[in-house]
1. Of THR161, THR185, THR174, which residue is away from ligand 2 (no atom under 16 Å from the Cβ), under 17 Å from GLU124 (Cα atoms) and of a type in the set (Ser, Thr, Tyr)?
2. Please state which of the following conditions LEU193 fails to meet, knowing it meets all the rest: (1) in contact with a Phe, Trp or Tyr (Cβ under 6 Å, 6 or more places away or on another chain); (2) within 14 Å of ligand 1 (Cβ to nearest atom).
3. Quick one: which of ILE155, ILE210, ILE127 is touching a Lys or Arg at 6+ places or on another chain (Cβ under 6 Å), at pLDDT 95 or above and open to solvent by less than 10 Å² (accessible area, probe 1.4 Å)?
4. Check every one of the strands (runs of 3 or more DSSP E) wholly within the stretch 211-314 and list those with 3 or more residues that are of a type in the set (Phe, Trp, Tyr) and either in contact with a Phe, Trp or Tyr (Cβ under 7 Å, 6 or more places away or on another chain) or in contact (Cβ under 8 Å) with a residue 40 or more places away in the chain (or both).
5. In this structure, does GLY188 turn out to be crowded, with 23+ Cβ neighbours inside 10 Å and touching a helix residue (DSSP H, G or I) at 6+ places or on another chain (Cβ under 9 Å)?
6. Which residues, taken from the stretch 33-70, are in a helix (DSSP H, G or I), farther than 20 Å from THR185 by Cβ and open to solvent by less than 30 Å² (accessible area, probe 1.4 Å)?
7. When the residues of the stretch 429-472 are narrowed to those that are under 30 Å from ILE392 (Cβ atoms) and in contact with a helix residue (DSSP H, G or I) (Cβ under 6 Å, 6 or more places away or on another chain), which ends up modelled with the lowest pLDDT?
8. Has the stretch 367-376 got any residue that is open to solvent by 20 Å² or more (accessible area, probe 1.4 Å), modelled with pLDDT of 95 or more, touching a strand residue (DSSP E or B) at 6+ places or on another chain (Cβ under 8 Å) and farther than 20 Å from GLY164 by Cα?
Amino acid sequence: MTAVRLARRARHVPPMTDSRVASLQAAVPGLQIKTDPADLEHYGRDWTRRWTPAPLAIALPGSVAEVQAVMRWANGHAVAVVPSGGRTGLSGGAVAANGELVVSTERLRRVLGFDAVDRTLTVEAGIALQAVQEAAAGHGLSYPVDFAARGSCSIGGTIATNAGGIRVIRHGNTRDWVAGVRVVTATGELLDLNRGLLKNSSGYDLRHLIVASEGTLGIIVEATLRLAPPAQPSNVMLLALPSFAVVLDVFQALRARLQLEAFECFSDRALHHVLVHGAQAPFDALHPYYAIAEFATGGGVEAEAQEGRVLAAFEHCMEQGWIADGVISQSDAQAAQLWRLREGITESLAPYVPYKNDVSVRISALPGFLAETQALLLAEYPEFDVVWFGHIGDGNLHINVLKPVDMAQDAFVARCEHVTRLLVDALARHGGSISAEHGIGLVKKPYLSSTRSDAEIALMRGIRRAMDPAGILNPGKLFDR
Ligand code: FAD
Ligand code: MLT
Ligand code: ZN
């Protein structure tokens, strides 16, 4: 699926009224700059849609040298900069609502090189995740980070957020695939971090500092990505679950018998919204919860043995009363149809501008945490449409709360923030994180201290000051300086 871009208004040629824009243009003569109101709106927001976009202008550098020149100018003129990729972010990290200069990587989309010996692909930061996956496949390999926004999120954005997605259970997060990054700092210096090395024990690994830095430490301009062997043949299974309590039993039963590529869950409310959005119902009856599992099938003799294991796993779960119904894909088209039921959730909810929680605990802490969370949600949101889904196999739960039609937006957000504070207490009891994969941005900033200690935040502040002395990179995001 390609995440939908927000609608754009008609274009007209802008007058460059702000003297700073003229100054930037004079400092970087060939730089493409947009100041059209429709562009300011388009580039000033991400998928959160909670803040009103109000950037100064949009800079679209076409080379690393131009990014460096823009940063030198911004640093010299104390102009705040918001690094911007595909703006599919869900935490407000790419929002520009306070007169910032948006620096978009949209024009930096080339594949720069493939190394068959190192099994790496070097790309510019603005390239879409899907284009990276396709380039890897073109070389007989794969880039295994994957999620529904693949067609529109940028590789730079996935690194800046340490994106997770649907294959973390098998392949890990974005961090695990970054072999090197080239980063332009706030003062315009170009850092070449780790240079694709597999082994490099030469002090602090600044590459990993950049991963999940949410545009606060520098602008990622290029990345060298590790590639995996080609994706194995796989099948997808959708299971209907009679209750919430059995989700983890099913997960453990499947994990013990199959090589899981993904294990995800969603509630009946999530399915409801996806069906309203045009997907096809998987079962005749409705069920309270669903699990979707993708597992490797292997080929030849192994495929037959695997089929036996799949049936054994299915029968075991049936006998225990953990599943009420199930289907297994017989073709790639059917697999895609089943995945649509899970991957279509975010888009189907987008018109409601949902309040989102994206939390995680260790897998071993899931049973206790999920039981507490379910009780909390039932008690605190009795009259709300709460849509529950997530990467349960990674210990990651997405809770989306939809605003009742007759409730004012401010009152709705206040109510959700109240529940988030209770959720934070449950997370603390179970040693979890307030952001599993979407990042802190603006949305989770008030809760950072629930996941990171004061000492950690003080260190992060120091690092940020050292790398961005004038405080121009994504101010107000992640934490205040
Ligand atoms: P943006 O939204 O443009 O930016 C995100 C952050 O990164 C901002 O702080 C921005 O300043 C910074 N940034 C962007 N580019 C750079 C750069 N070149 N250098 C430095 N900083 C930069 N996320 C998941 O983890 N897992 C999922 O399963 C998942 N599914 C999604 C499904 C849908 C339908 C949607 C809309 C979003 C989903 N997301 C998911 C969230 C989002 O796609 C990811 O966070 C993605 O990594 C953001 O990439 P982007 O290019 O859109 O970043
Ligand atoms: C997902 O898992 O679908 C994404 O993280 C998006 C979301 O949480 O809405
Ligand atoms: Zn997710």
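1. On inspection, the qualifying residue turns out to be THR185.
2. (1)
3. Residue meeting the stated conditions: ILE127.
4. Because the criterion is at least 3 residues that are of a type in the set (Phe, Trp, Tyr) and either in contact with a Phe, Trp or Tyr (Cβ under 7 Å, 6 or more places away or on another chain) or in contact (Cβ under 8 Å) with a residue 40 or more places away in the chain (or both), the strands (runs of 3 or more DSSP E) in the stretch 211-314 that meet it are 289-296.
5. no
6. ALA38, ASP39, HIS42, TYR43, listed by residue number.
7. SER450
8. No: zero hits.
The values are calculated or read from the model by the stated rules, or taken from the named source; none is laboratory data. Computed from a prediction, not measured in an experiment: that's the story for all the values here. Every residue, glycine among them, receives a Cβ derived from its backbone with ideal geometry; neighbour counts consider all protein chains shown. Accessible surface is based on the protein model in full, side chains and every heavy atom, while ligands, DNA and RNA are left aside. Shrake-Rupley method; radii C 1.70, N 1.55, O 1.52, S 1.80 Å.
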